1. Exceeding 23 Å between C-alpha atoms, which entries from my cross-link table qualify? They are 140/166; 127/166; 69/127; 179/370.
2. What aspartates and glutamates does residue 203 reach when the alpha-carbon gap must be under 17 Å and sequence neighbours fewer than 8 apart in one chain are set aside?
3. Can you tell me the relative contact order of the chain? Whole percent, Cα pairs under 8 Å, sequence separation 6 or more.
4. Charges only on Cβ, +1 for Lys and Arg, -1 for Asp and Glu: so what's the dipole of the stretch 4-154 about the Cα centre, in debye to the nearest 20?
5. At a threshold of 8 angstrom on Cα-Cα distance, excluding pairs fewer than six apart, so keeping six or more, what relative contact order does the stretch 4-154 reach in percent?
6. As a footprinting exposure proxy, order 272, 349, 100 by other Cβ within 10 Å, with the fewest listed first.
7. Starting from 0.36 nm per residue, how many nanometres of slack lie between residue 12 and residue 65 once their C-alpha separation is accounted for?
8. Kindly provide log₁₀ I(q)/I(0) values, in the same order as q = 0.10, 0.14, 0.22 Å⁻¹, from the Debye equation applied to equal alpha-carbon scatterers of the stretch 313-403.
Amino acid sequence: MSEQSNIPKHWLIKKLGEVGEIISGGTPSTKVAEYWNGKISWISPADLSGYVEKFILQGRKSITESGLKNSSARLIPKGSVLFSSRAPIGYVIIAGNELCTNQGFKSIVPNNSILSDYLFYYLKASKQKAEKVASGTTFKEISLKAFSELEIPIPPLPEQQTIVSKIEELLSDLENGKKQLQIAQQQLKVYRQSLLKLAFEGKLTNKDVKDGELPKGWKWAKIEDVALSLDYKRKPINKNERVKRTGHIPYYGANGRVGWIDDFIFDEPLVCIVEDETFTGRSIPFSYKITGKTWVNNHAHVLKPNEYTDIDFLNFQLSYYPFLPLTTGTTGRKKLTKNALMNAPVKVCSILEQNLIVSELESKLTVCDKIEETIRQSLQQAETLRQSILKKAFEGKLITHSI
């Protein structure tokens, strides 16, 4: 369907194949060493994963003259616009120098009717449109023909430049706003950890505690002194039984992710601690409180606090616990054993003070949660605004027209 009705009357609608030469890429045989590690930049979609710049000079790999001659790869000039047409669809970048690509791109060498920058931003805004004309079963791909027939609104060259300048001005402001939000996110994480640290130094409820000293009435204990391990209740079952028994009952292990199910349902509030290195080395909480009917896999430990230990007090304390030094095994698969866990030292105090600390933490962390949700929503709105800016730009609504 033509976009003519959505644009200023003096603009034109053309097909991508009319605004430049479209070139597909290629890959030299990986079995021939002399085709690789040459002086010719060779770009694949993988090079653009997480890439935020507008121009690219080289990728992770390069090819030789021989590799170029013995493949379908073609040299494309500086200023060409690369669009990834598969795995995934929608990466866009401008060639900062002469280079070539693999077959995962449809690259446009613009003619004199269009600016590279204008084409770059239009393709940035056209990912969904491109995906709609893609085909394939294993993965979606846009054919050369389908890509060539995608429509693009074309204003006069001076307007193209004005539109590009306005887009970049607005997106720069938007990006600065996002960076401030992301800084606030990181500061919030630091604040959370600071709260937990103060809480278990006793300073959240007692301002007179001196550094390095236990508050009055506190003492050190082992986890086995304050909680019972329920690991013995787990009995691994096979995959068919797992599917039959689980139904819609949630189960936890590595941060609540899918794992092997065990032959026991915990039906009470407990503390769940993952044991694999993947999570012990992360800054996210190591400890999780689980409630209700819950399957727990055999890569996690389960603790039931005793009557003198508040479950949230224990969970909060373990959520920032430095467990990594207690793990054993190879670097590829370090684990926190049950023995190491149960012998790990923790701080304890009276149940009344535990309740007070939990109350203070929950109050302050609830505020953190609300702020974090506000930041998350603002970041989502920023992305929506980005799309709105691009949409308006190519409908001719971003600038004033003097025709």
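1. Among 140/166; 127/166; 69/127; 179/370, the Cα-Cα distance tops 23 Å for 140/166; 69/127.
2. Of all the aspartates and glutamates, those that pass the test against residue 203 - Cα under 17 Å, at least 8 places apart if same chain - are 211, 213, 353, 360, 362.
3. About 15 percent, as a whole number.
4. With only Lys, Arg, Asp and Glu charged at Cβ, the dipole is about 220 debye.
5. 31 percent
6. Least crowded to most crowded, the residues run 349, 272, 100.
7. 15.1 nm
8. At q = 0.10, 0.14, 0.22 Å⁻¹ the computed log10 ratios are -0.59, -0.79, -1.06.
Values in this text are rule-based calculations from the coordinates and carry no lab data. None of these values were measured; they are calculated from a predicted model. Note that each Cβ is placed from the backbone with ideal geometry, even for glycine, and that neighbours are counted across all protein chains shown.
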